[in-house]
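Accompanying notes for the structure given below.
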Amino acid sequence: MSVKHDKNIIEIEDISFAYGSTAVLKNITFNIHEGDYLGIIGPNGSGKTTLLRVMLGLVRPSTGTVRLFGQPLNKFRDWSKIGYVPQKATNFDPLFPVTVREVVEMGRYGKRGLARRLTLSDQLIINQCLHNVGMLEYEKKLIGDLSGGQQQRVFIARALAGEPKVIFLDEPTVGVDVQAQEQFYSLLKKLNLEFGITLVLILHDIDVVANEATEVACINQTLIYHGEPKEFVKGDYLQNLYGKNIRHILHGH
Amino acid sequence: MFQIFHYSFIVRGLEAGLLLAAIAPLVGIFLVLRRYSLIADTLSHVSLAGVALGLLFGINPLFTAVGASVLSSVAIEKLRLSKKIYGETALSIFLSSSLAFAIVLIGLAHGLNANLFSYLFGSILTVRPIDVYVMVVLSAIIVILLLIFYKELVFISFDEEAARVSGLHVGVFNLLFIIIAAVTIALSIQIIGILLISAMLVLPVVTALQFRKSFKTTLLCAEAISLSSVLFGIVASFYLNVSSGGLIVLIMLAVFIAVYFLKKQKSGLIGW
């Protein structure tokens, strides 16, 4: 599927946010286009998670508006277009008694509506999502019994189950080993290129942004840069943000 | 052998007890997984204040207990959301102040008599026919609501944020759930007593969790433990002439201990 990256699906306009008197985000404006693979990066405490939460309507900005698919957030109702993979480590209890399949079913509820049961066609879509992330054979396992990388793929399957147009991911590879990270990023690439799903990721690894993403948004309270990763890596942005030894930090591990 | 069923108070006690045994794990599984277990204790003490109000004004204590418990549950949820006060601080304020209310009101009503003891530890002798009817209606409503919104509640309990992004009105469900929990707790007062309610809500669920199965299987397993413990507990309490509430909880505890060590042995981790 080829996508032109010229249709705005998320419009962020003059967003500011403050906790009490501490400014977290200041006057952020940019658009996310259909088919983008956007990596959001920035130092710790730069407000990137807050920005993601503002886009999802989880927190209300002090000023500014976000439009999803042309609709302002407070009027937006078509949430099944949005898939969300929260930061895993803080959001789930390994002892929680749910199987892989039960987790992916959750992603289908929004499509079905309140109080309705999932139908056979829903179950087939869930099978397909599990298959796409390579987790179908694990469907009866408890989510807490899987490795970090496998769990993350299950959460992708859950996001896919609602047949979304865009998936938001908050630092998806925290706690995932390096080999599984590679598999994970090739899965994301497949979703972006083959299924045409727009991806918005918070990332902490600048190499991943450079190699995987088609767009980068660099945030440090204000929007420092938004555009192609190549230009970003060439520029002085990184040094200004992280200090002179950024290259050593990135390649030293 | 079946002479026990000639006593109408035993039959009523069994009816009421089994109704509770059926709804307790449905509510308890969400309380346990959401780390809300302490709310059960708090609301049970609030229910005691409700009972005291009923005794003072000559109203059926079951009604006043349900009323007090539901009103407080809404207030607790609002306080928790306001974030001006820590969640567990709100709970302990409600717990001790409603106990204070209860003790003063009961003193005004009758003086501290044996009746209080049956509310603290449960006694099927206090269950009247009207109580059973009220329990049937309220339990049916609770079961229907929980079955209708089962998948939403599972989603919210597992991942509240993703549930919110999927378009669910999480606040509405949280409020609905805490009201359901409040009604369940108020209903259990006569059978199990305020001091033992949280054990009845929590123990079968915690036992079932040891099996590490799917959500559905865990819930069914908790139901089986709950129903059989209550049935066995009430019948045995009749023959042994001891408190039914205490015996039910002891049976649940025994099942938990047995399952816990059985699973531990199986996974090869013998000993503490």
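Yes or no: B:Ala208 assigned to a helix (DSSP H, G or I), open to solvent by less than 10 Å² (accessible area, probe 1.4 Å), modelled with pLDDT of 95 or more and within 11 Å of chain A (Cβ to nearest Cβ)? It would help to see each step written out before you state the result.
Values: assigned to a helix (DSSP H, G or I): yes; open to solvent by less than 10 Å² (accessible area, probe 1.4 Å): yes; modelled with pLDDT of 95 or more: yes; within 11 Å of chain A (Cβ to nearest Cβ): yes.
For B:Ala208, the condition - assigned to a helix (DSSP H, G or I), open to solvent by less than 10 Å² (accessible area, probe 1.4 Å), modelled with pLDDT of 95 or more and within 11 Å of chain A (Cβ to nearest Cβ) - is met.
Looking at (1) among the aliphatic types (A, V, I, L, M); (2) buried (at least 17 other Cβ atoms within 10 Å of the Cβ); (3) in contact with a Pro (Cβ under 8 Å, 6 or more places away or on another chain); (4) not in a strand (DSSP E or B), find the lone condition where A:Val208 falls short.
Exception for A:Val208: condition (3).
Look at segment A:63-86 and say how many of its residues are open to solvent by 30 Å² or more (accessible area, probe 1.4 Å), facing chain B (nearest Cβ under 9 Å) and in a loop (DSSP other than H, G, I, E, B).
First, the residues of segment A:63-86 that are open to solvent by 30 Å² or more (accessible area, probe 1.4 Å): A:63-65, A:67, A:69-75, A:77-79, A:81.
Narrowing the set further to residues that are facing chain B (nearest Cβ under 9 Å) leaves A:77-79.
Narrowing the set further to residues that are in a loop (DSSP other than H, G, I, E, B) leaves A:77-78.
So the count comes out to 2.
Here is a list of conditions, (1) free of Cβ contacts under 8 Å to residues at least 24 places away in the same chain; (2) touching a Phe, Trp or Tyr at 6+ places or on another chain (Cβ under 8 Å); (3) open to solvent by less than 40 Å² (accessible area, probe 1.4 Å), and B:Val11 meets all of them except one; can you say which number that is?
Against the list (1) free of Cβ contacts under 8 Å to residues at least 24 places away in the same chain; (2) touching a Phe, Trp or Tyr at 6+ places or on another chain (Cβ under 8 Å); (3) open to solvent by less than 40 Å² (accessible area, probe 1.4 Å), B:Val11 comes up short only on (3).
Right, B:Ser97: of a type in the set (Ser, Thr, Tyr) and open to solvent by less than 30 Å² (accessible area, probe 1.4 Å) or not?
Here the answer is no, as B:Ser97 does not meet what is asked.
For segment A:87-106, enumerate the residues that are more than 16 Å from B:Tyr150 (Cβ to Cβ) and crowded, with 22+ Cβ neighbours inside 10 Å.
A:Val100, A:Val104
With the structure loaded, tell me whether B:Ser82 is modelled with pLDDT of 85 or more and surrounded by fewer than 24 Cβ atoms within 10 Å (Cβ to Cβ) or whether it fails that test.
In short, no.
Have a look at A:Pro86, A:Pro97 and point out the one that is in contact with a strand residue (DSSP E or B) (Cβ under 8 Å, 6 or more places away or on another chain) and without any contact (Cβ under 8 Å) to a residue 60 or more places away in the chain.
A:Pro97
Here is a check on your reading of the model: is A:Phe168 of a type in the set (Phe, Trp, Tyr), away from every other protein chain (no Cβ under 14 Å) and either touching a residue at least 60 places away in the same chain (Cβ under 8 Å) or crowded, with 18+ Cβ neighbours inside 10 Å (or both)? Give the steps one after another, and end with the answer.
On the way: of a type in the set (Phe, Trp, Tyr): yes; away from every other protein chain (no Cβ under 14 Å): no; either touching a residue at least 60 places away in the same chain (Cβ under 8 Å) or crowded, with 18+ Cβ neighbours inside 10 Å (or both): yes.
Here the answer is no, as A:Phe168 does not meet what is asked.
Among the residues of segment B:188-195, are any in a helix (DSSP H, G or I) and in contact with a strand residue (DSSP E or B) (Cβ under 7 Å, 6 or more places away or on another chain)?
For segment B:188-195, residues in a helix (DSSP H, G or I) and in contact with a strand residue (DSSP E or B) (Cβ under 7 Å, 6 or more places away or on another chain): absent.
Within segment A:19-62, take every residue that is within 24 Å of A:Asn211 (Cα to Cα) and hydroxyl-bearing (Ser, Thr, Tyr) and give me the one that is most open to solvent (accessible area, probe 1.4 Å).
The residue in question is A:Thr49.
Taking only segment A:111-143 into account, find how many residues are surrounded by 16 or more Cβ atoms within 10 Å (Cβ to Cβ), within 14 Å of another protein chain (Cβ to nearest Cβ) and either β-branched (Val, Ile, Thr) or part of a helix (DSSP H, G or I) (or both). Write out each step before concluding.
Going through segment A:111-143, the residues surrounded by 16 or more Cβ atoms within 10 Å (Cβ to Cβ) turn out to be A:111-112, A:118, A:122, A:125-126, A:129-130, A:132-133, A:135-136, A:138-139, A:141-143.
Going one step further and asking which of them are within 14 Å of another protein chain (Cβ to nearest Cβ), we end up with A:111-112, A:118, A:122, A:126, A:138-139, A:141-143.
Then drop every residue that is not either β-branched (Val, Ile, Thr) or part of a helix (DSSP H, G or I) (or both), which leaves A:111-112, A:122, A:126, A:138, A:143.
Here the count works out to 6.
Return yes when A:Arg101 is closer than 18 Å to A:Ala157 by Cα and either outside any strand (DSSP E or B) or in contact with a helix residue (DSSP H, G or I) (Cβ under 9 Å, 6 or more places away or on another chain) (or both) and no when it is not. Working first, answer last.
On the way: closer than 18 Å to A:Ala157 by Cα: yes; either outside any strand (DSSP E or B) or in contact with a helix residue (DSSP H, G or I) (Cβ under 9 Å, 6 or more places away or on another chain) (or both): yes.
Considered against the rule, which asks whether it is closer than 18 Å to A:Ala157 by Cα and either outside any strand (DSSP E or B) or in contact with a helix residue (DSSP H, G or I) (Cβ under 9 Å, 6 or more places away or on another chain) (or both), A:Arg101 comes out as yes.
Given (1) surrounded by fewer than 20 Cβ atoms within 10 Å (Cβ to Cβ); (2) closer than 28 Å to A:Glu105 by Cβ; (3) charged (D, E, K, R), where does B:Arg128 come up short, assuming only one miss?
(2)
Only residues that are among the aromatic types (Phe, Trp, Tyr) and open to solvent by less than 30 Å² (accessible area, probe 1.4 Å): list them for segment B:145-164, please. Explain how you work it out, then say what you get.
Our first condition is that a residue be among the aromatic types (Phe, Trp, Tyr); within segment B:145-164, this holds for B:149-150, B:155, B:158.
If the condition is that a residue be among the aromatic types (Phe, Trp, Tyr) and open to solvent by less than 30 Å² (accessible area, probe 1.4 Å), then B:Phe155, B:Phe158 are the ones that fit.
Only one of these is on the phi > 0 side of the Ramachandran plot and surrounded by fewer than 21 Cβ atoms within 10 Å (Cβ to Cβ): A:Glu182, A:Glu228, A:Glu194, A:Glu163. Name it.
Values: A:Glu182 fails: on the phi > 0 side of the Ramachandran plot; A:Glu228 fails: on the phi > 0 side of the Ramachandran plot; A:Glu194 fails: on the phi > 0 side of the Ramachandran plot.
Being on the phi > 0 side of the Ramachandran plot and surrounded by fewer than 21 Cβ atoms within 10 Å (Cβ to Cβ) holds for just one of A:Glu182, A:Glu228, A:Glu194, A:Glu163, which is A:Glu163.
For the condition surrounded by fewer than 17 Cβ atoms within 10 Å (Cβ to Cβ) and within 13 Å of chain A (Cβ to nearest Cβ), what is the one hit in B:Gly107, B:Gly167, B:Gly171?
Exactly one of B:Gly107, B:Gly167, B:Gly171 is surrounded by fewer than 17 Cβ atoms within 10 Å (Cβ to Cβ) and within 13 Å of chain A (Cβ to nearest Cβ), namely B:Gly171.
Among the residues that make up segment A:44-57, is at least one of them within 14 Å of another protein chain (Cβ to nearest Cβ), assigned to a loop (DSSP other than H, G, I, E, B), without any contact (Cβ under 8 Å) to a residue 60 or more places away in the chain and closer than 14 Å to A:Phe17 by Cβ?
Yes, there is a match, as at least one residue in segment A:44-57 is within 14 Å of another protein chain (Cβ to nearest Cβ), assigned to a loop (DSSP other than H, G, I, E, B), without any contact (Cβ under 8 Å) to a residue 60 or more places away in the chain and closer than 14 Å to A:Phe17 by Cβ.
The values are calculated or read from the model by the stated rules, or taken from the named source; none is laboratory data. All values derive from a computational prediction rather than experimental measurement. Quick reminder, even Gly has a Cβ in these numbers, built from the backbone with ideal geometry, and neighbours come from all protein chains shown. These accessible areas exclude ligands, DNA and RNA; they are computed on the full protein's heavy atoms, side chains included. Shrake-Rupley method; radii C 1.70, N 1.55, O 1.52, S 1.80 Å.
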